[in-house]
1. What lysines could a cross-link reach from residue 102, if we take a straight Cα to Cα line under 20 Å and drop same-chain neighbours fewer than 8 places away?
2. Of 53, 269, which has the most accessible area with a 1.4 Å probe, and how do the rest follow in descending order?
3. Could you work out how far apart the two model spin labels at residue 145 and residue 41 are, taking each label as a point 7 Å from the Cα in the direction of the beta carbon, and quote it in nm?
4. Would you mind calculating the gained length between residue 56 and residue 348 on full extension (0.36 nm times residue separation, minus the Cα-Cα distance), in nm to one decimal?
5. Quickly estimate the mean residue ellipticity at 222 nm for the chain, helices only: each DSSP H run with n ≥ 4 gives -39500 (n - 2.57), and the total goes over all residues, rounded to 500.
6. Out of all DSSP beta bridges in the chain, what portion is antiparallel? Express it as a percent rounded to 5.
7. Pick from 115, 125, 288: which is most flexible by mean-square fluctuation in a GNM of the chain where alpha carbon atoms under 10 Å apart are linked?
8. Kindly express, to the nearest 10 degrees and within the range 0 to 90, the angle between helix 84-93's C-alpha long axis and the longest C-alpha principal axis of the chain.
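The values are calculated or read from the model by the stated rules, or taken from the named source; none is laboratory data. Here the structure is a predicted model, which means the values were calculated and not measured. Counting neighbours? That spans all protein chains shown, and the Cβs are built from the backbone with ideal geometry, glycine included. Heads up: the accessible areas ignore ligands, DNA and RNA and are worked out on the full protein's heavy atoms, side chains in. Shrake-Rupley method; radii C 1.70, N 1.55, O 1.52, S 1.80 Å.
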Amino acid sequence: MATDTQIRIGVMGCADIARKVSRAINLAPNATIAAVASRSLEKAKSFATANNYPESTKIHGSYESILDDPEIDALYVPLPTSLHVEWAIKAAEKGKHILLEKPVAMNVSEFDKIVVACEANGVQVMDGTMWVHNPRTALLKEFLSDSERFGQLKTVQSCFSFAGDEDFLKNDIRVKPGLDGLGALGDAGWYAIRATLLANNFELPISVTAFPGAVLNEAGVILSCGASLSWEDGRTATIYCSFLANLTMEITAIGTKGTLRVHDFIIPYKETEASFTTSTKAWFNDLVTAWVSPPSEHTVKTELPQEACMVREFARLVGEIKNNGAKPDGYWPSISRKTQLVVDAVKESVDKNYQQISLSGR
(Lines give C-alpha, C1' and ligand atoms only; values in the text may rest on other atoms or scores of the structure.)
Protein backbone atom coordinates (compact mmCIF):
# COMPACT_ATOMS: atom_id res chain seq x y z
CA MET A 1 0.00 0.00 0.00
CA ALA A 2 1.43 3.38 -1.01
CA THR A 3 1.81 5.99 1.68
CA ASP A 4 2.00 9.77 1.35
CA THR A 5 5.75 9.65 1.79
CA GLN A 6 6.25 7.24 -1.10
CA ILE A 7 7.04 8.55 -4.55
CA ARG A 8 4.70 7.04 -7.13
CA ILE A 9 6.74 5.80 -10.08
CA GLY A 10 5.41 4.74 -13.46
CA VAL A 11 7.38 2.26 -15.55
CA MET A 12 7.35 3.42 -19.17
CA GLY A 13 8.24 0.44 -21.34
CA CYS A 14 8.72 -3.26 -20.61
CA ALA A 15 12.39 -3.78 -21.47
CA ASP A 16 14.37 -6.57 -19.79
CA ILE A 17 16.19 -4.10 -17.51
CA ALA A 18 12.77 -2.88 -16.30
CA ARG A 19 12.32 -6.19 -14.46
CA LYS A 20 15.35 -5.47 -12.29
CA VAL A 21 14.37 -1.85 -11.69
CA SER A 22 10.75 -2.83 -10.94
CA ARG A 23 12.02 -5.08 -8.17
CA ALA A 24 14.21 -2.18 -6.97
CA ILE A 25 11.19 0.16 -6.83
CA ASN A 26 9.36 -2.44 -4.74
CA LEU A 27 12.36 -2.74 -2.38
CA ALA A 28 13.01 1.00 -1.98
CA PRO A 29 11.26 2.19 1.20
CA ASN A 30 10.27 5.56 -0.27
CA ALA A 31 8.94 4.48 -3.68
CA THR A 32 6.10 2.44 -5.10
CA ILE A 33 5.13 1.25 -8.59
CA ALA A 34 1.97 3.17 -9.45
CA ALA A 35 1.62 2.33 -13.15
CA VAL A 36 3.15 0.56 -16.12
CA ALA A 37 2.84 1.39 -19.83
CA SER A 38 3.54 -0.45 -23.03
CA ARG A 39 2.43 0.12 -26.59
CA SER A 40 -0.03 -2.73 -26.04
CA LEU A 41 -2.32 -3.18 -23.07
CA GLU A 42 -1.78 -6.94 -23.13
CA LYS A 43 1.99 -6.60 -22.90
CA ALA A 44 1.72 -4.13 -20.01
CA LYS A 45 -0.69 -6.47 -18.19
CA SER A 46 1.46 -9.56 -18.56
CA PHE A 47 4.59 -7.62 -17.56
CA ALA A 48 2.85 -6.38 -14.39
CA THR A 49 1.76 -9.92 -13.49
CA ALA A 50 5.15 -11.48 -14.24
CA ASN A 51 6.91 -8.91 -12.04
CA ASN A 52 4.56 -9.05 -9.04
CA TYR A 53 3.33 -5.50 -9.38
CA PRO A 54 0.93 -4.35 -6.63
CA GLU A 55 -2.73 -4.94 -7.46
CA SER A 56 -3.29 -1.20 -7.35
CA THR A 57 -0.89 -0.67 -10.32
CA LYS A 58 -2.57 1.07 -13.24
CA ILE A 59 -2.05 -0.54 -16.64
CA HIS A 60 -1.62 1.81 -19.61
CA GLY A 61 -1.79 0.66 -23.24
CA SER A 62 0.20 3.63 -24.56
CA TYR A 63 3.05 5.89 -23.49
CA GLU A 64 0.83 8.98 -23.94
CA SER A 65 -1.66 7.57 -21.47
CA ILE A 66 0.88 7.13 -18.64
CA LEU A 67 2.14 10.71 -19.20
CA ASP A 68 -1.36 12.01 -18.54
CA ASP A 69 -1.82 9.99 -15.33
CA PRO A 70 -2.14 12.59 -12.53
CA GLU A 71 -1.30 10.01 -9.85
CA ILE A 72 2.28 9.52 -11.00
CA ASP A 73 5.17 11.61 -9.65
CA ALA A 74 7.98 10.16 -11.73
CA LEU A 75 8.72 7.84 -14.62
CA TYR A 76 11.36 5.19 -15.10
CA VAL A 77 12.16 5.20 -18.83
CA PRO A 78 13.91 2.06 -20.16
CA LEU A 79 12.97 2.73 -23.80
CA PRO A 80 15.52 2.26 -26.61
CA THR A 81 18.03 5.13 -26.63
CA SER A 82 16.75 6.54 -29.92
CA LEU A 83 13.38 7.23 -28.26
CA HIS A 84 14.75 8.99 -25.16
CA VAL A 85 14.77 12.54 -26.51
CA GLU A 86 11.13 12.42 -27.61
CA TRP A 87 9.63 10.75 -24.54
CA ALA A 88 11.83 12.32 -21.86
CA ILE A 89 10.92 15.79 -23.14
CA LYS A 90 7.21 14.86 -23.19
CA ALA A 91 7.52 13.51 -19.63
CA ALA A 92 9.25 16.68 -18.41
CA GLU A 93 6.57 18.84 -20.03
CA LYS A 94 3.95 16.88 -18.07
CA GLY A 95 5.88 17.60 -14.86
CA LYS A 96 7.09 14.01 -14.37
CA HIS A 97 10.52 13.42 -12.83
CA ILE A 98 12.65 11.07 -14.91
CA LEU A 99 14.87 8.10 -14.09
CA LEU A 100 16.36 7.59 -17.54
CA GLU A 101 18.09 4.40 -18.65
CA LYS A 102 21.63 4.79 -19.95
CA PRO A 103 23.01 5.84 -22.38
CA VAL A 104 20.87 8.91 -21.84
CA ALA A 105 20.70 9.83 -25.55
CA MET A 106 22.19 9.12 -28.96
CA ASN A 107 24.42 12.18 -28.55
CA VAL A 108 24.98 15.11 -26.22
CA SER A 109 22.88 17.59 -28.22
CA GLU A 110 19.85 15.31 -27.73
CA PHE A 111 20.58 15.09 -24.01
CA ASP A 112 20.91 18.87 -23.80
CA LYS A 113 17.35 19.16 -25.14
CA ILE A 114 16.16 16.79 -22.41
CA VAL A 115 17.95 18.85 -19.74
CA VAL A 116 16.46 22.10 -21.04
CA ALA A 117 12.96 20.57 -20.77
CA CYS A 118 13.68 19.26 -17.26
CA GLU A 119 15.00 22.63 -16.07
CA ALA A 120 12.07 24.51 -17.60
CA ASN A 121 9.61 22.25 -15.77
CA GLY A 122 11.48 21.89 -12.48
CA VAL A 123 11.84 18.12 -12.73
CA GLN A 124 14.68 15.88 -11.61
CA VAL A 125 16.51 13.76 -14.16
CA MET A 126 18.91 10.99 -13.14
CA ASP A 127 20.40 8.25 -15.28
CA GLY A 128 20.18 4.55 -14.44
CA THR A 129 23.85 3.91 -13.63
CA MET A 130 23.24 1.66 -10.64
CA TRP A 131 26.76 0.97 -9.37
CA VAL A 132 27.44 4.59 -8.41
CA HIS A 133 24.72 4.23 -5.73
CA ASN A 134 26.32 1.17 -4.13
CA PRO A 135 27.69 2.08 -0.67
CA ARG A 136 31.03 0.70 -1.91
CA THR A 137 31.35 3.57 -4.39
CA ALA A 138 31.48 6.19 -1.62
CA LEU A 139 34.44 4.29 -0.11
CA LEU A 140 36.18 4.06 -3.50
CA LYS A 141 35.91 7.84 -3.79
CA GLU A 142 37.19 8.24 -0.24
CA PHE A 143 40.31 6.18 -0.99
CA LEU A 144 40.94 7.97 -4.31
CA SER A 145 40.84 11.36 -2.59
CA ASP A 146 43.14 10.30 0.28
CA SER A 147 46.42 12.13 -0.28
CA GLU A 148 48.26 9.88 2.21
CA ARG A 149 47.08 6.45 1.06
CA PHE A 150 46.50 7.10 -2.66
CA GLY A 151 48.31 10.34 -3.50
CA GLN A 152 47.76 11.97 -6.91
CA LEU A 153 45.93 10.00 -9.58
CA LYS A 154 48.16 9.02 -12.50
CA THR A 155 46.13 6.57 -14.57
CA VAL A 156 42.88 4.56 -14.66
CA GLN A 157 42.08 1.45 -16.65
CA SER A 158 38.46 0.40 -16.85
CA CYS A 159 36.69 -2.25 -18.88
CA PHE A 160 33.31 -3.86 -19.24
CA SER A 161 32.90 -6.76 -21.61
CA PHE A 162 30.57 -9.71 -21.99
CA ALA A 163 30.25 -12.26 -24.75
CA GLY A 164 26.88 -11.98 -26.48
CA ASP A 165 25.59 -15.20 -28.06
CA GLU A 166 24.54 -15.53 -31.69
CA ASP A 167 20.95 -14.50 -30.93
CA PHE A 168 22.08 -11.40 -28.99
CA LEU A 169 24.47 -10.31 -31.75
CA LYS A 170 21.74 -10.69 -34.36
CA ASN A 171 18.55 -9.57 -32.59
CA ASP A 172 19.22 -7.53 -29.44
CA ILE A 173 18.17 -3.87 -29.62
CA ARG A 174 21.74 -2.96 -28.62
CA VAL A 175 23.01 -4.04 -32.05
CA LYS A 176 20.30 -2.23 -34.08
CA PRO A 177 21.19 1.22 -35.50
CA GLY A 178 17.62 2.55 -35.25
CA LEU A 179 17.17 1.52 -31.59
CA ASP A 180 20.35 1.50 -29.49
CA GLY A 181 22.72 2.58 -32.23
CA LEU A 182 25.65 3.23 -29.86
CA GLY A 183 26.03 -0.54 -29.39
CA ALA A 184 28.67 -1.76 -26.95
CA LEU A 185 29.99 1.79 -26.55
CA GLY A 186 26.66 3.11 -25.26
CA ASP A 187 25.78 0.04 -23.25
CA ALA A 188 29.06 -1.23 -21.77
CA GLY A 189 31.39 1.68 -22.56
CA TRP A 190 29.10 4.04 -20.62
CA TYR A 191 30.08 2.26 -17.38
CA ALA A 192 33.81 2.22 -18.07
CA ILE A 193 33.73 5.91 -19.00
CA ARG A 194 31.69 6.78 -15.88
CA ALA A 195 34.24 4.93 -13.70
CA THR A 196 37.09 6.82 -15.34
CA LEU A 197 35.39 10.18 -14.87
CA LEU A 198 34.52 9.36 -11.26
CA ALA A 199 38.18 8.57 -10.51
CA ASN A 200 39.09 11.92 -12.10
CA ASN A 201 36.54 13.84 -10.02
CA PHE A 202 34.46 14.37 -13.17
CA GLU A 203 37.07 16.56 -14.78
CA LEU A 204 36.75 16.01 -18.53
CA PRO A 205 39.81 14.83 -20.45
CA ILE A 206 41.26 17.23 -23.02
CA SER A 207 41.41 14.56 -25.71
CA VAL A 208 40.02 11.14 -26.56
CA THR A 209 41.43 8.73 -29.13
CA ALA A 210 39.83 5.40 -30.03
CA PHE A 211 42.19 2.47 -30.47
CA PRO A 212 42.42 0.98 -33.98
CA GLY A 213 40.63 -2.34 -34.26
CA ALA A 214 37.09 -1.43 -33.24
CA VAL A 215 34.66 -4.15 -34.39
CA LEU A 216 31.43 -2.98 -36.05
CA ASN A 217 28.57 -5.14 -37.30
CA GLU A 218 27.19 -4.98 -40.86
CA ALA A 219 24.85 -2.17 -39.84
CA GLY A 220 27.78 -0.10 -38.54
CA VAL A 221 27.03 -0.54 -34.82
CA ILE A 222 30.06 -0.87 -32.52
CA LEU A 223 30.40 -4.36 -30.99
CA SER A 224 33.81 -3.76 -29.42
CA CYS A 225 36.16 -0.80 -29.00
CA GLY A 226 38.71 0.83 -26.75
CA ALA A 227 40.07 4.33 -26.28
CA SER A 228 42.68 6.39 -24.50
CA LEU A 229 41.87 9.59 -22.63
CA SER A 230 44.30 12.27 -21.55
CA TRP A 231 44.18 15.22 -19.19
CA GLU A 232 46.10 18.48 -19.20
CA ASP A 233 48.38 17.54 -16.29
CA GLY A 234 49.44 14.20 -17.80
CA ARG A 235 46.81 11.92 -16.25
CA THR A 236 45.73 9.17 -18.62
CA ALA A 237 43.05 6.52 -18.86
CA THR A 238 42.09 3.62 -21.06
CA ILE A 239 38.62 2.17 -21.50
CA TYR A 240 37.53 -1.04 -23.22
CA CYS A 241 34.02 -2.27 -23.95
CA SER A 242 32.85 -5.29 -25.87
CA PHE A 243 30.00 -7.66 -26.66
CA LEU A 244 32.60 -10.17 -27.91
CA ALA A 245 34.81 -10.92 -24.88
CA ASN A 246 34.39 -12.74 -21.58
CA LEU A 247 32.47 -11.03 -18.77
CA THR A 248 34.91 -8.61 -17.11
CA MET A 249 34.09 -5.43 -15.19
CA GLU A 250 37.21 -3.94 -13.71
CA ILE A 251 38.66 -0.67 -12.50
CA THR A 252 42.35 -0.21 -11.73
CA ALA A 253 43.32 3.27 -10.54
CA ILE A 254 46.97 4.02 -9.83
CA GLY A 255 48.16 7.01 -7.81
CA THR A 256 51.56 8.22 -6.70
CA LYS A 257 51.20 6.37 -3.38
CA GLY A 258 48.49 3.75 -3.81
CA THR A 259 46.51 1.47 -6.11
CA LEU A 260 42.79 0.68 -6.16
CA ARG A 261 41.36 -2.45 -7.79
CA VAL A 262 37.72 -3.40 -8.26
CA HIS A 263 36.84 -6.66 -10.01
CA ASP A 264 33.03 -6.43 -10.18
CA PHE A 265 32.25 -2.73 -10.19
CA ILE A 266 29.09 -2.87 -12.33
CA ILE A 267 27.24 -5.79 -10.76
CA PRO A 268 28.87 -7.02 -7.54
CA TYR A 269 29.32 -10.80 -7.34
CA LYS A 270 27.04 -10.73 -4.30
CA GLU A 271 23.97 -8.54 -3.97
CA THR A 272 24.40 -7.82 -0.24
CA GLU A 273 28.13 -7.08 -0.17
CA ALA A 274 30.81 -5.64 -2.41
CA SER A 275 34.61 -5.71 -2.16
CA PHE A 276 37.60 -3.79 -3.42
CA THR A 277 41.37 -4.01 -2.90
CA THR A 278 43.78 -1.25 -1.98
CA SER A 279 47.52 -1.18 -1.64
CA THR A 280 49.64 1.69 -0.39
CA LYS A 281 53.33 2.50 -0.66
CA ALA A 282 54.65 -0.68 -2.26
CA TRP A 283 58.16 -0.98 -3.70
CA PHE A 284 60.84 -3.53 -4.60
CA ASN A 285 63.08 -4.67 -1.78
CA ASP A 286 66.00 -6.83 -3.01
CA LEU A 287 63.84 -7.88 -5.97
CA VAL A 288 60.83 -8.88 -3.89
CA THR A 289 57.81 -6.69 -3.23
CA ALA A 290 57.54 -4.85 0.05
CA TRP A 291 54.77 -2.78 1.62
CA VAL A 292 54.29 -0.38 4.48
CA SER A 293 51.17 -2.48 5.07
CA PRO A 294 50.13 -5.40 2.83
CA PRO A 295 47.38 -5.00 0.22
CA SER A 296 44.00 -5.25 1.87
CA GLU A 297 40.56 -6.27 0.74
CA HIS A 298 37.65 -4.19 2.00
CA THR A 299 34.09 -5.50 2.03
CA VAL A 300 31.04 -3.26 2.27
CA LYS A 301 27.71 -4.73 3.27
CA THR A 302 24.44 -3.29 2.01
CA GLU A 303 20.88 -4.01 3.12
CA LEU A 304 19.44 -3.00 -0.24
CA PRO A 305 20.77 -4.06 -3.65
CA GLN A 306 22.44 -1.19 -5.51
CA GLU A 307 19.53 -0.66 -7.91
CA ALA A 308 17.21 -0.16 -4.91
CA CYS A 309 19.76 2.32 -3.46
CA MET A 310 19.51 4.18 -6.78
CA VAL A 311 15.70 4.27 -6.66
CA ARG A 312 15.78 5.36 -3.01
CA GLU A 313 18.08 8.30 -3.84
CA PHE A 314 16.02 9.28 -6.88
CA ALA A 315 12.79 9.12 -4.84
CA ARG A 316 14.43 11.13 -2.04
CA LEU A 317 15.29 13.95 -4.48
CA VAL A 318 11.80 13.85 -6.01
CA GLY A 319 10.29 13.96 -2.50
CA GLU A 320 12.37 17.02 -1.61
CA ILE A 321 11.07 18.80 -4.72
CA LYS A 322 7.47 17.63 -4.31
CA ASN A 323 7.09 18.14 -0.55
CA ASN A 324 9.64 20.82 0.35
CA GLY A 325 9.89 22.94 -2.79
CA ALA A 326 13.55 22.02 -3.32
CA LYS A 327 15.25 22.60 -6.65
CA PRO A 328 16.26 19.57 -8.77
CA ASP A 329 19.82 18.41 -8.06
CA GLY A 330 22.00 19.46 -11.01
CA TYR A 331 24.79 17.02 -10.11
CA TRP A 332 23.09 14.05 -11.78
CA PRO A 333 22.40 15.58 -15.21
CA SER A 334 25.87 17.15 -15.16
CA ILE A 335 27.65 13.78 -14.78
CA SER A 336 25.30 12.19 -17.33
CA ARG A 337 26.27 14.91 -19.79
CA LYS A 338 30.00 14.43 -19.20
CA THR A 339 29.70 10.68 -19.66
CA GLN A 340 27.73 11.21 -22.89
CA LEU A 341 30.34 13.72 -24.14
CA VAL A 342 33.10 11.13 -23.82
CA VAL A 343 30.91 8.42 -25.43
CA ASP A 344 30.34 10.82 -28.34
CA ALA A 345 34.08 11.55 -28.63
CA VAL A 346 35.00 7.85 -28.75
CA LYS A 347 32.39 7.27 -31.45
CA GLU A 348 33.60 10.29 -33.43
CA SER A 349 37.17 8.99 -33.23
CA VAL A 350 36.09 5.54 -34.49
CA ASP A 351 34.09 7.19 -37.31
CA LYS A 352 37.07 9.38 -38.27
CA ASN A 353 39.53 6.51 -38.60
CA TYR A 354 40.82 6.78 -35.00
CA GLN A 355 41.69 10.47 -35.07
CA GLN A 356 42.33 12.25 -31.78
CA ILE A 357 39.20 14.20 -30.74
CA SER A 358 39.60 17.36 -28.66
CA LEU A 359 37.13 17.91 -25.83
CA SER A 360 38.27 21.37 -24.81
CA GLY A 361 35.40 23.84 -24.75
CA ARG A 362 32.63 21.23 -25.07
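1. 20, 90, 113, 176, 338, 347
2. 269, 53
3. 5.2
4. Contour length minus the Cα-Cα distance gives 100.5 nm.
5. Working: 11 runs with 120 residues, N = 362.
Mean residue ellipticity, 222 nm, calculated: -10000 deg cm²/dmol.
6. Of all bridge pairs located within the chain, approximately 60 percent are antiparallel.
7. 288
8. Roughly 60 degrees between the two axes.
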